[in-house]
Amino acid sequence: MEIWMWLLAAGILLVVEMLTVDLLFASLAFSALLAAGANGLGFGVVVQGVVFGVGAAGSLLFLRPIALRHLKKKPANQATNVEALIGATAVALSVVTQTQGLVKLNGETWSARSNDGEIYDGIQVEVVAIEGATAVVKQKG
């Protein structure tokens, strides 16, 4: 095969990889680049095919699993969404009682209720729970 064919194949495989993001087509694109290198060194089509096959097998068996492990690694016990708000500091925008109130939490206004009595406007509070769209708070300190 001509070198431009290998390079075109590698480019197409990389575009397909961008749509799938599972590193299968990236491994094949890498192998096509290796075969293009073999072509550039003057090797025949049989050697290019062998280089592509060995490169594909090697990258699929060895490189892809390592890369996938690193890409899918998640930080241990990292809180997300509303769980990340528990323990956060907010400011009471109105009097917060056991039934109603408003707080400013991470730049957003949340409905709130207190779990330890009345909290006055302007007081810093700590979020102890999120129940639906309501922050359950206690006075900080």
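The values are calculated or read from the model by the stated rules, or taken from the named source; none is laboratory data. Note that the coordinates shown come from a computational prediction; the quantities given were computed from them, not determined experimentally. With ideal geometry, Cβ positions are generated from the backbone for all residues, glycine too; neighbour counts draw on all protein chains shown.
Tell me which residues, restricted to the stretch 72-105, are part of a helix (DSSP H, G or I) and in contact with a Leu (Cβ under 8 Å, 6 or more places away or on another chain).
Of all residues in the stretch 72-105, those part of a helix (DSSP H, G or I) come to 81-85.
Correct list: Leu85 only.
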Exercise. Only residues that are at pLDDT 95 or above and either of a type in the set (A, V, I, L, M) or assigned to a loop (DSSP other than H, G, I, E, B) (or both): list them for the stretch 106-117, please.
Key: Ala112
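Which members of the stretch 3-27 meet the condition of being under 19 Å from Asn39 (Cα atoms), surrounded by fewer than 19 Cβ atoms within 10 Å (Cβ to Cβ) and not aliphatic (A, V, I, L, M)?
Narrowing the stretch 3-27 to residues under 19 Å from Asn39 (Cα atoms): 3-13, 27.
After this cut, where a residue has to be surrounded by fewer than 19 Cβ atoms within 10 Å (Cβ to Cβ) as well, the list is 3-5, 7-8, 11-12.
Answer for the stretch 3-27, where residues must be under 19 Å from Asn39 (Cα atoms), surrounded by fewer than 19 Cβ atoms within 10 Å (Cβ to Cβ) and not aliphatic (A, V, I, L, M): Trp4, Gly11.
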Quiz item: Any residue at all in the stretch 112-124 that is under 15 Å from Gly87 (Cβ atoms) and of a type in the set (Val, Ile, Thr)?
Solution: no
Exercise. Give just the number: which of (1) small (Gly, Ala, Ser); (2) over 32 Å from the mean Cα position of the chain (by Cα); (3) exposed (fewer than 14 other Cβ atoms within 10 Å of the Cβ) does Gly107 not satisfy?
Key: (2)
Practice problem: Name the helices (runs of 4 or more DSSP H) wholly inside the stretch 1-71 in which the number of residues that are over 26 Å from the mean Cα position of the chain (by Cα) is 3 or more. | Solution: 3-20, 24-40, 45-58
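Evaluate the stretch 88-95: report whether one residue or more is in contact with a Gly (Cβ under 9 Å, 6 or more places away or on another chain), buried (at least 18 other Cβ atoms within 10 Å of the Cβ), within 30 Å of Ile12 (Cβ to Cβ) and modelled with pLDDT of 95 or more. Quick ask: steps written out before the conclusion?
If we filter the stretch 88-95 for residues that are in contact with a Gly (Cβ under 9 Å, 6 or more places away or on another chain), which is where we start, we get 91-95.
Still in the list and also buried (at least 18 other Cβ atoms within 10 Å of the Cβ): 92.
If we keep only those that are within 30 Å of Ile12 (Cβ to Cβ) too, we end up with none.
Scanning the stretch 88-95 turns up no residue that is in contact with a Gly (Cβ under 9 Å, 6 or more places away or on another chain), buried (at least 18 other Cβ atoms within 10 Å of the Cβ), within 30 Å of Ile12 (Cβ to Cβ) and modelled with pLDDT of 95 or more.
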